[in-house]
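The values are calculated or read from the model by the stated rules, or taken from the named source; none is laboratory data. All values derive from a computational prediction rather than experimental measurement. Glycine gets a Cβ as well: all are built from the backbone with ideal geometry, and neighbour counts include every protein chain shown. Calculation scope for accessible area: heavy atoms of the full protein, side chains included, ligands and nucleic acids excluded. Shrake-Rupley method; radii C 1.70, N 1.55, O 1.52, S 1.80 Å.
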Amino acid sequence: MDLLKGTKVTWLGHSTVLVSTPKGTNLLIDPFIQHNPKFPKDFSLPESLPYILLTHGHGDHISDAVPVAQKHDSSVLAIYELADYIGRRGVTKTIGCNIGGTVQLDDVAVTMVEAKHSAGAIDDDGTHYVGVAAGLVLTIANGPVLYHAGDTTVFSDMKLIAELYHPEVAMLPIGGHFTMGPYEAALAAKFLAPQLILPLHFGTFPPLTGTPEQLAARIEPEIKVVRISPGQSI
Ligand code: NI
Ligand code: MN
C-alpha cells in the first residue's frame, strides 16, 4: 500500500505487530507468541530484530519479551519501571522512557503516549508495579507515522496525539472486555483521523468479541479498516 511508503506492518495476532522500515529496521511490538492462540504457526521472526517495544506489563503483551530479546540480542523499550522489571529478568539492553518522551531508534522516532488501562506485571511472586499503560507513536524516516494504542479505552486526549504526530495508521484494540470495543473505537477513529486502522486485541479469546466489521460500520468511509489474518501484512 502506497500510504505506508515502503514500510511493512505485519499483524501477528492479538496486539503483536512487527514493523519493518524502508531502511530495513525491524521492531516488534508487544511480543505474545508462545501462549497466543492466534500467532501464525508457520511464522518465524526475522533474524535481525534490534528493537522490542512494550506498551504495558500485562502478560498478553510481554510474555515473550525476555526470550525473544535474548535470542535476537534486542533492546527492549518500555516505560521506566517495566524496563527495569524486564532487565531484572535477564535482558541486558533495556531503554526506559516515559510518557511524552521520544527516543530515536535508528530510523524510527518512538514517542510514548498516554493510554487508559491498568499495567501490573503478574508473576509467581504476585503483582508488581511496572509503571502505567502507554501507547506508542512510531515516526519513521521516509515512511509513515504509526500509532499503536496498546490496551486502552478511547480518551479525548487522543486529539492531542493527532495534533502532535498526525498518525496515518492507527492500531487500535477493539475486542472489548479488557479494552474498548468497536463503539468506543469509532470515536477514537474520529479523534485520531488516521487513513487506516489496523484492529488489534479481538478474537484472541472468547470475551474479546468486537469485530472489524462492527468498527467499519460505525466510522466514516474515508477511514479504511484493515481486515487481515495474523501473519499477513499491510
Ligand atoms: Ni492489558
Ligand atoms: Mn491486553
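Please go through the range 132-234 and write out the GluC sites (Glu not before Pro) that DSSP classes as loop and that have at most 15 other C-beta atoms within 10 Å.
Values: sites: E163, E168, E184, E213, E222; in loops: E168, E222.
Passing sites in the range 132-234 are E222.
In whole percent, and with a 1.4 Å probe on the protein chains, what portion of the accessible area of the range 3-100 is carbon and sulfur?
Ligands and nucleic acids excluded, carbon and sulfur give 50 percent.
Using the reciprocal of the averaged 1/r over all distinct C-alpha pairs, how large is the Kirkwood radius of the range 1-136 in Å? Can you show the working numbers first?
Numbers: mean 1/r = 0.0664 Å⁻¹.
When all Cα pairs of the range 1-136 are included, the Kirkwood radius is 15.1 Å.
I need the peptides 109-118, 151-160 ranked by packing, meaning the mean over residues of other C-beta atoms within 10 angstrom, with the highest value on top.
109-118, 151-160
Set Lys and Arg Cβ to +1 and Asp and Glu Cβ to -1, take the dipole of the range 2-225 about its Cα centre, and tell me which of L196, G175, A109 lies farthest positive.
The Cα lying farthest towards the positive end belongs to L196.
Give the Kirkwood hydrodynamic radius (Å, one decimal) of the chain, defined as one over the mean of 1/r across all pairs of different Cα atoms.
Final number for the Kirkwood radius of the chain is 17.3 Å.
Can you tell me what share of the DSSP beta bridges in the range 2-225 is antiparallel? A percent to the nearest 5 is fine.
Values: 26 of 46 bridges.
Antiparallel bridges make up about 55 percent of those DSSP assigns within the range 2-225.
Would you kindly derive the ³J(HN,Hα) couplings of the range 20-25 from the backbone phi angles with the Karplus curve 6.51 cos²θ - 1.76 cosθ + 1.60 (θ = phi - 60°), listing them in order in whole Hz, with x for Gly and Pro?
10, 7, x, 6, x, 7
Roughly how many whole Å is it from the C-alpha centroid of the range 57-86 to that of the range 104-128?
9
Where nothing but the Cβ of Lys and Arg (+1) and of Asp and Glu (-1) is charged, how large is the charge dipole of the chain around its Cα centre, in debye to the nearest 20?
Details: 15 positive and 23 negative charges, 74 e Å.
Dipole size: approximately 360 debye.
Can you list which of the trypsin sites (Lys or Arg not before Pro) found in the range 162-234 are DSSP loop residues with at most 13 other C-beta atoms within 10 Å? Could the numbers behind the result be given before it?
Values: sites: K190, R218, K224, R227; in loops: R218, R227.
Sparse-neighbourhood loop trypsin sites (Lys or Arg not before Pro): R227.
If I stretch the segment between D107 and S156 completely, what's the gain in nm (0.36 nm per residue apart, minus their alpha carbon distance), one decimal?
On the way: separation 49, 0.36 × 49 = 17.64 nm, distance 2.97 nm.
Extra length from D107 to S156 when fully extended: 14.7 nm.
Report the FRET efficiency, 1/(1 + (r/R0)^6), for F205 and K23, where r is their Cβ-Cβ distance and R0 is 41 Å, rounded to 0.05. Spell out each step's value before the answer.
Numbers: r = 36 Å, r/R0 = 0.87.
Efficiency, rounded to the nearest 0.05: 0.70.
Can you list the residues, at least 5 places off or on another chain, whose amide H is less than 5 Å from the amide H of L77, using H built in the peptide plane?
I52, L53, L54, I95
From the phi of every residue in the range 106-116, what ³J(HN,Hα) in whole Hz does the Karplus formula 6.51 cos²θ - 1.76 cosθ + 1.60 yield, where θ is phi - 60° and glycine or proline is x?
Once rounded to whole Hz, the list reads 6, 8, 10, 8, 9, 10, 8, 10, 5, 8, 10.
Which whole-Hz ³J(HN,Hα) couplings does the range 209-224 yield from phi under the Karplus relation 6.51 cos²θ - 1.76 cosθ + 1.60, θ = phi - 60°, glycine and proline marked x?
Using θ = phi - 60°, the values come out as 8, x, 10, x, 5, 5, 5, 4, 5, 9, 10, 4, x, 5, 8, 8 Hz.
If you restrict to DSSP beta bridges whose two residues both lie in the range 132-227, what percentage is antiparallel, to the nearest 5? Display every interim value, and only then the final one.
Values: 4 of 14 bridges.
Percentage antiparallel, nearest 5: 30.
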